[in-house]
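Reviewing the structure listed below.
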């Protein structure tokens with residue numbers, strides 16, 4: 001009988017402890033606006049591979065948990081659909097069809113966050129380091145581009161740390177899109193590939209049925225897309 | 001009996017007047033505590049006349065967010081936009097909408113810091129067309145933030161099975177400091193600058209329940225900035 005009474009006490013005790021513990025933790029599922037970029041598309045067909053680790057990515061530190069997978073998958077889908085003439089979602093690199101010129105596999109290399117307790121600046125900060133693996137249509141590696149992006153909140157007090165971390169993560173993801181749009185064609189290995197492709201297409205004889213010599217025009221612009229610089 | 005009654009009435013009158021005096025003191029303290037001081041500086045070239053916005057033209061207010069130590073608050077930008085819209089009855093494009101439509105060219109990493117860079121951006125036909133489609137002729141860049149510069153006093157709260165309460169006094173100074181630059185993106189020239197500095201002290205008095213007297217520093221800065229910016233445009 002005494003044991004039973006003891007058990008009756010344990011249930012609310014555990015429930016209260018669980019409630020207290022969850023009250024101290026911050027769980028964020030990142031949500032935000034990720035528009036398609038306003039840029040002249042790079043005239044190539046690209047295949048995108050989002051593996052499970054990327055799609056379900058969750059960052060955890062102490063009592064903080066940030067579910068980033070869904071948001072980053074959406075951001076990159078929108079980004080690549082505007083950045084390239086054509087973008088296709090692939091299950092794996094091996095699933096690339098012959099008409100695909102490039103295959104891009106984004107991976108999260110590292111994430112760091114800083115809360116007001118860490119930086120004493122009254123801002124929340126998020127850094128994300130991506131490894132953008134780029135392959136050509138044959139599956140040969142072109143580049144492993146380590147791309148970092150950063151987001152922070154304004155100094156004004158926000159309602160909760162969850163909301164602040166979401167805001168900082170959204171800014172970081174948008175920054176990743178900006179970095180990708182302006183920096184992708186400037187990666188030396190990618191730039192080299194684009195130049196080689198343009199030269200190869202120039203060397204190809206014009207189709208016999210074509211009446212106009214304009215068929216190879218778009219490649220001449222490939223190396224200058226998105227080359228805006230800060231000023 | 002009559003004397004007792006008279007003494008009772010006097011006592012009641014005395015308590016009433018004391019309460020009245022306390023209420024007046026609290027009201028005075030509240031008003032005094034929440035006072036803010038705003039300083040506005042304006043710069044415009046001697047040759048620059050009032051700006052006239054045509055029916056099909058609009059403006060956008062954008063916050064600077066490229067620096068590491070601060071970034072301009074989106075709610076301040078929205079507040080200035082609403083104020084200009086009310087005062088001038090002009091179309092002010094929503095900041096987030098503008099950023100989304102022109103993504104990624106006005107993100108913290110890519111936004112033009114100088115007119116020369118803006119001119120280069122406008123050479124991109126897609127960007128120029130999008131800005132033209134939105135009818136944006138003037139861009140107002142606002143840089144600055146609101147921060148707590150000093151704080152003093154102490155306040156403590158306790159909770160016990162018998163009840164809870166707070167006791168103490170705390171005060172803190174806040175400073176809003178913003179600068180706005182107006183760009184005419186058709187003529188590619190700067191039309192002027194406005195600087196607003198607002199400071200104020202907030203108080204919190206706690207006797208059982210905490211009573212805050214908050215100085216609305218940022219909204220005062222918004223009002224000052226909105227009013228001054230509106231003088232650049234026709235209709236003021």
Taking the stretch B:190-236 and keeping only residues that are within 10 Å of the chain's Cα centre (by Cα) and assigned to a loop (DSSP other than H, G, I, E, B), one is left with B:216
Checked B:50, B:91, B:55 against criteria (over 27 Å from residue A:153 (Cα atoms), touching a strand residue (DSSP E or B) at 6+ places or on another chain (Cβ under 9 Å) and surrounded by fewer than 15 Cβ atoms within 10 Å (Cβ to Cβ)); the one match is B:50
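How about the stretch A:70-89: which of its residues are over 18 Å from residue A:31 (Cβ atoms) and free of Cβ contacts under 8 Å to residues at least 40 places away in the same chain?
A:80
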Over the stretch A:49-66, the set of residues assigned to a strand (DSSP E or B) and surrounded by fewer than 18 Cβ atoms within 10 Å (Cβ to Cβ) is A:58, A:60, A:61, A:64, A:65
* Would you call residue A:219 more than 14 Å from chain B (Cβ to nearest Cβ), buried (at least 16 other Cβ atoms within 10 Å of the Cβ) and at pLDDT 95 or above? -> no
Note on the stretch B:63-82: residues under 14 Å from the mean Cα position of the chain (by Cα) and either more than 8 Å from every other protein chain (Cβ to nearest Cβ) or closer than 13 Å to residue B:221 by Cβ (or both) are B:63, B:72, B:73, B:75, B:76, B:77, B:78, B:79, B:80, B:81, B:82
Of (1) in contact (Cβ under 8 Å) with a residue 24 or more places away in the chain; (2) under 21 Å from residue B:222 (Cβ atoms), residue B:52 satisfies every one except (2)
Inside the stretch B:25-41, the number of residues satisfying the requirement of being in a strand (DSSP E or B) and modelled with pLDDT under 90 is 1
Checked the stretch A:30-69 for anything over 30 Å from residue A:190 (Cα atoms) and in contact (Cβ under 8 Å) with a residue 60 or more places away in the chain; matches are A:30, A:31, A:64, A:66
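Table: residues versus (1) more than 23 Å from residue B:65 (Cβ to Cβ); (2) away from chain B (no Cβ under 14 Å); (3) in a helix (DSSP H, G or I); (4) touching a helix residue (DSSP H, G or I) at 6+ places or on another chain (Cβ under 9 Å).
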position	(1), (2), (3), (4)
A:75	no, no, yes, yes
A:109	yes, yes, no, no
A:129	no, yes, no, no
A:148	no, no, no, yes
Within the stretch B:95-114, the residues that are more than 8 Å from chain A (Cβ to nearest Cβ) and surrounded by fewer than 18 Cβ atoms within 10 Å (Cβ to Cβ) are B:97
By residue number, the members of the stretch A:95-107 that are in a loop (DSSP other than H, G, I, E, B) and surrounded by 16 or more Cβ atoms within 10 Å (Cβ to Cβ) are A:96, A:100, A:101
Reported set for the stretch B:217-236 where residues are farther than 26 Å from residue B:118 by Cα and in contact with a strand residue (DSSP E or B) (Cβ under 7 Å, 6 or more places away or on another chain) is B:217, B:218, B:220, B:221, B:224
Considering the stretch A:77-93, residues that are touching a helix residue (DSSP H, G or I) at 6+ places or on another chain (Cβ under 9 Å) and not in a strand (DSSP E or B), and then whichever is surrounded by the most Cβ atoms within 10 Å (Cβ to Cβ), we arrive at A:79
Just one listed residue, out of A:163, A:179, A:174, A:120, is under 25 Å from residue B:65 (Cα atoms), modelled with pLDDT under 90 and within 14 Å of chain B (Cβ to nearest Cβ), and it is A:120
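The values are calculated or read from the model by the stated rules, or taken from the named source; none is laboratory data. No experiment lies behind these values; they were computed from the predicted model shown. Every residue, glycine as well, gets a Cβ built from its backbone with ideal geometry; the counts of neighbours run over all protein chains shown.
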